[in-house]
Every structure is written in C-alpha cells, then in structure tokens.
Amino acid sequence: MQRDADHRDAEQALRKAGWTACGAGDWAIALRSPDGTAVARISPFDPAGPYTAALYREAAHTRQVPELFAHRRLTGGGDLQIMEWLQPVPEREAVAFLAAIARRDPEVAELVDAVRRVHERAQSELPWLGLKFDDNPENVMRAADGRLVAADLLGPDGPKLYAADPDLIVAWIPEDERRFMTEIPLTATGPWTPEVREAMRAGLAAADARKPSA
C-alpha cells in the first residue's frame with residue numbers, strides 16, 4: 001500500500017492478496033488472511049485505534065489480548081490493525097472473564113493495569129473521545145492456542161461523538177482526520193441511511209466554513 005492509503009485502498013490491497021470478508025461491526029470491517037491465521041480490522045474513521053493498538057502492545061505479555069501483527073493509521077482518520085484470528089466463546093465464559101477484569105482479580109491484574117494506563121492517556125490527550133471500558137461479551141474470544149483474550153476493551157462513546165454539535169466536532173478533530181467520519185459501517189446499531197450521512201456531511205462542511213482561520 002502507498003503511504004497515503006485510505007480504508008478503501010487497504011481493503012482493495014488485501015482483497016487482491018486473497019483476504020476475504022469475515023465480518024463487520026459499527027466501526028470497521030474484517031478480512032481474514034488466505035491461510036486463516038490472521039484478521040485485518042479496517043476502519044474508515046477510528047480515533048480510538050491508536051489506543052487499542054497501544055493496549056495490545058502494552059498488555060501483550062499477559063497473553064490476554066490479541067496478538068497484534070501490525071498497526072497503521074490510514075489517510076482520512078482510518079485505522080488498520082492486523083492481528084491473530086480469534087473465535088467466539090460461550091457467553092458465560094465471556095461474562096466470567098469480564099467480571100474478573102471488573103474486579104481486578106489477580107489473574108487479570110496486569111491486564112487491568114494496562115487498560116487503566118492507556119485509558120488515562122487517552123483521557124488526557126483526547127478528552128472529547130469519551131473512551132470507556134466496553135463490557136460487551138462478544139469482545140471476549142478464544143485464540144488458536146485456546147487462551148481467552150479481550151479485544152476492543154476500550155471504545156469511544158460513539159453515540160455522544162456523532163450527536164455532538166458540528167462546530168464542536170470541527171474544533172476537536174482536524175478535517176484530514178475525519179474525512180471519512182460518515183463512512184463507518186454501523187452494522188451493529190444501524191442502519192445509517194444515506195440521508196442521515198449526507199446531513200452530517202453537510203453540517204460538518206458548514207461548520208468548517210464557519211471556523212475562524214488560524
């Protein structure tokens with residue numbers, strides 16, 4: 001991929017290399033590698049992506065987060081993560097694992113400490129992001145070696161961000177970091193109609209026009 005690749009370029013490059021679609025959520029789509037051992041998470045817009053990647057790296061020694069093979073920011077505010085392939089687990093296992101995290105049980109204490117460090121950093125650097133602990137059981141999965149891992153433990157407050165006044169969004173996020181803000185899949189909580197997407201784009205464009213020059 002070129003240095004200025006966006007989410008479309010990333011998807012196209014991986015599909016040409018034999019990666020195939022395997023899922024989609026609110027923020028991203030997923031492609032599986034030809035050998036089945038890796039998955040690519042491609043988001044058009046994800047300001048939380050660097051913090052998720054940081055958590056995977058800082059908590060890697062716990063073996064309780066996905067193994068991250070690569071992370072790259074994409075043009076326009078997108079995010080690409082390539083990590084190990086994971087399988088879903090029964091809900092009771094996921095709930096029990098998340099409960100252990102909430103209690104900071106000894107076996108997950110180092111993971112919890114890493115989550116707290118990354119969360120504090122995000123709150124300091126991007127307070128508008130509203131990064132929060134995501135206790136969705138679907139985020140707990142099983143790796144090929146059998147261990148339980150927690151993916152996407154930290155997530156942005158999407159509804160609050162997308163409902164914010166366009167003038168605030170423009171003040172918070174540079175234009176080149178929100179170019180594809182209206183192109184996230186929104187598969188889980190959608191649908192997001194073309195009319196609503198266009199209205200948001202128009203609102204942001206008007207806010208950009210009102211923004212005082214630097």
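The values are calculated or read from the model by the stated rules, or taken from the named source; none is laboratory data. Source: prediction; values computed, not measured. We place every Cβ from the backbone using ideal geometry, glycine too, and count neighbours over all the protein chains shown.
Comparison of Thr52, Thr75, Thr62, Thr37 shows that the only residue that is surrounded by fewer than 20 Cβ atoms within 10 Å (Cβ to Cβ) and more than 21 Å from Lys16 (Cβ to Cβ) is Thr62.
Among the residues making up the stretch 10-24, those that are within 21 Å of Gly77 (Cβ to Cβ), under 18 Å from the mean Cα position of the chain (by Cα) and of a type in the set (A, V, I, L, M) are Ala10, Ala24. Annotation note: Cβ proximity below 7 Å between a residue of the stretch 2-27 that is on the phi > 0 side of the Ramachandran plot and a residue that is surrounded by fewer than 15 Cβ atoms within 10 Å (Cβ to Cβ) (sequence gap 6+ or interchain) occurs for Gly18/Pro34. Considering the stretch 180-203, and only residues there that are of a type in the set (S, T, N, Q) and modelled with pLDDT of 85 or more, the residue that is nearest to Ile29 (Cα to Cα) turns out to be Thr182. Would you please name the residue that is surrounded by the most Cβ atoms within 10 Å (Cβ to Cβ), looking only at residues in the stretch 140-158 that are more than 18 Å from Val108 (Cα to Cα) and in contact (Cβ under 8 Å) with a residue 40 or more places away in the chain? Among them, the one singled out is Pro156. Under the condition of being polar (S, T, N, Q), touching a strand residue (DSSP E or B) at 6+ places or on another chain (Cβ under 8 Å) and modelled with pLDDT under 95, the residues counted in the stretch 1-30 number 0. Would you confirm whether any residue within the stretch 25-34 is part of a helix (DSSP H, G or I), buried (at least 17 other Cβ atoms within 10 Å of the Cβ) and not β-branched (Val, Ile, Thr)? No - not one qualifying residue is present in the stretch 25-34.
Here the stretch 168-198 is the region considered, the condition is being assigned to a helix (DSSP H, G or I) and farther than 19 Å from Trp128 by Cα, and the residue that is farthest from the chain's Cα centre (by Cα) is Glu195.
Here Arg201 fulfils each of the conditions (1) over 24 Å from Arg72 (Cα atoms); (2) of a type outside the set (A, V, I, L, M); (3) within 19 Å of the chain's Cα centre (by Cα); (4) in a helix (DSSP H, G or I) apart from (3).
Quick grid of which residues meet (1) over 22 Å from Glu84 (Cα atoms); (2) under 16 Å from the mean Cα position of the chain (by Cα):
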site: Ala102; (1), (2): yes, no
site: Asp113; (1), (2): yes, no
site: Pro127; (1), (2): yes, no
site: Asp134; (1), (2): no, yes
site: Gly146; (1), (2): no, no
site: Ala151; (1), (2): no, yes
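Restricting attention to the stretch 143-155, does a residue exist that is among the hydrophobic types (A, V, I, L, M, F, W, C) and over 19 Å from Ala60 (Cα atoms)? So far as the stretch 143-155 goes, no, none of its residues is among the hydrophobic types (A, V, I, L, M, F, W, C) and over 19 Å from Ala60 (Cα atoms).
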